[in-house]
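J.: Sharing a structure below in structure tokens format, with a few things to ask.
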Amino acid sequence: MTFLLYDAVVPSNLQILGAVDALLDKAAAFCAEAGRTEADLIDARLAPDMLPFGYQVKSCAVHSIGGIEGVRAGTFSPDQTPWPTDFASLHGVLQKAVASLEAIDRTTFDALAGSDTQFAFGERRLPFTGANFLLSFAQPNFYFHATTAYAILRAQGVKLGKRDFMGMPRIKR
């Protein structure tokens, strides 16, 4: 069996986006039980110099479907727009990313592997192939932000385990 770029990116993004979406449900339940507001968790940070939970969740979408859209366009720049400030809107961001990922044509996606792609931030430009951008830049960022979102909730007292981070593994059927 040939293992293609689609197989290395899209199914894992879908798995973890589903898990992060479920984290929002656990966060909402925690807020209700603990008498905390959504803002308490959405604005929570692991450290003062890190961005908050809401940003981390939004960035999961940015580095999944946003990274793919950047490869399609030939350039990716960090999304500087504000993150949603309520759980419903964060769910919306994730669900939109999932729907976009599910709509991707496998063959068209695999054809992006050799395309010229650049990371652009201010005056900085880094050249990549599509595959190298997705696998060595977008994917590590995606997992970093998903892990940080999980860690913020854990640090705030939300009862989570490893399975909450992993979501539903793709078992053989």
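Only the coordinates and a few stated rules stand behind these numbers; no lab work does. Treat the numbers as computed from the prediction; the structure is a model and nothing was measured. Using ideal geometry, Cβ is built from the backbone for each residue, glycine included, and neighbour counts are taken over all protein chains shown.
J.: Would you call residue 80 under 22 Å from residue 138 (Cβ atoms), of a type outside the set (Lys, Arg) and not in a loop (DSSP other than H, G, I, E, B)?
T.: no
J.: Another question, then. When residues of the stretch 140-163 are filtered for being surrounded by fewer than 19 Cβ atoms within 10 Å (Cβ to Cβ) and under 27 Å from residue 74 (Cα atoms), how many remain?
T.: Matching residues across the stretch 140-163 total 4.
J.: Criterion first (in a helix (DSSP H, G or I), among the aliphatic types (A, V, I, L, M), touching a residue at least 24 places away in the same chain (Cβ under 8 Å) and out of contact with any Phe, Trp or Tyr (no Cβ under 6 Å at 6 or more places or on another chain)) does residue 8 satisfy it?
T.: yes
J.: Keeping to the stretch 27-44, report how many residues are surrounded by fewer than 16 Cβ atoms within 10 Å (Cβ to Cβ) and either under 14 Å from residue 93 (Cβ atoms) or among the basic types (Lys, Arg) (or both).
T.: Matching residues across the stretch 27-44 total 0.
J.: Which count do you get for residues in the stretch 131-169 that are in contact with a helix residue (DSSP H, G or I) (Cβ under 6 Å, 6 or more places away or on another chain) and at positive phi?
T.: Going through the stretch 131-169 one residue at a time, the tally reaches 1.
J.: Next up: Of the residues that sit in the stretch 33-54 and are in contact (Cβ under 8 Å) with a residue 40 or more places away in the chain and assigned to a helix (DSSP H, G or I), which one is nearest to residue 119 (Cα to Cα)?
T.: 53
J.: Residue under question is residue 109, and the condition is that it be within 19 Å of the chain's Cα centre (by Cα) and more than 14 Å from residue 75 (Cβ to Cβ); does it hold?
T.: yes
J.: In a loop (DSSP other than H, G, I, E, B) and aromatic (Phe, Trp, Tyr): is that true of residue 30 in this structure?
T.: No.
J.: With respect to residue 128, is the statement that it is part of a strand (DSSP E or B), of a type in the set (Phe, Trp, Tyr), out of contact with any helix residue (DSSP H, G or I) (no Cβ under 6 Å at 6 or more places or on another chain) and touching a residue at least 40 places away in the same chain (Cβ under 8 Å) true?
T.: So residue 128 does not fit the description; no.
J.: Hey, another quick one. Looking at the structure I just gave you, is residue 134 within 16 Å of residue 11 (Cβ to Cβ), surrounded by 16 or more Cβ atoms within 10 Å (Cβ to Cβ) and more than 12 Å from the chain's Cα centre (by Cα)?
T.: yes
J.: Turning to a different aspect of this structure: Within the stretch 83-106, restricting attention to residues that are in a helix (DSSP H, G or I), surrounded by fewer than 17 Cβ atoms within 10 Å (Cβ to Cβ) and among the aliphatic types (A, V, I, L, M), which residue is farthest from the chain's Cα centre (by Cα)?
T.: Only one residue fits best here, namely 88.
J.: Name the pairs whose Cβ atoms lie under 8 Å apart, with the first residue in the stretch 80-92 and closer than 14 Å to residue 17 by Cα, the second of a type in the set (Gly, Ala, Ser), and 6 or more positions between them or separate chains?
T.: Filtered contacts from the stretch 80-92: 90/54.
J.: Under the condition of being in a strand (DSSP E or B) and among the aromatic types (Phe, Trp, Tyr), which residue from the stretch 107-125 is surrounded by the fewest Cβ atoms within 10 Å (Cβ to Cβ)?
T.: Looking at residues that are in a strand (DSSP E or B) and among the aromatic types (Phe, Trp, Tyr), I get 121.
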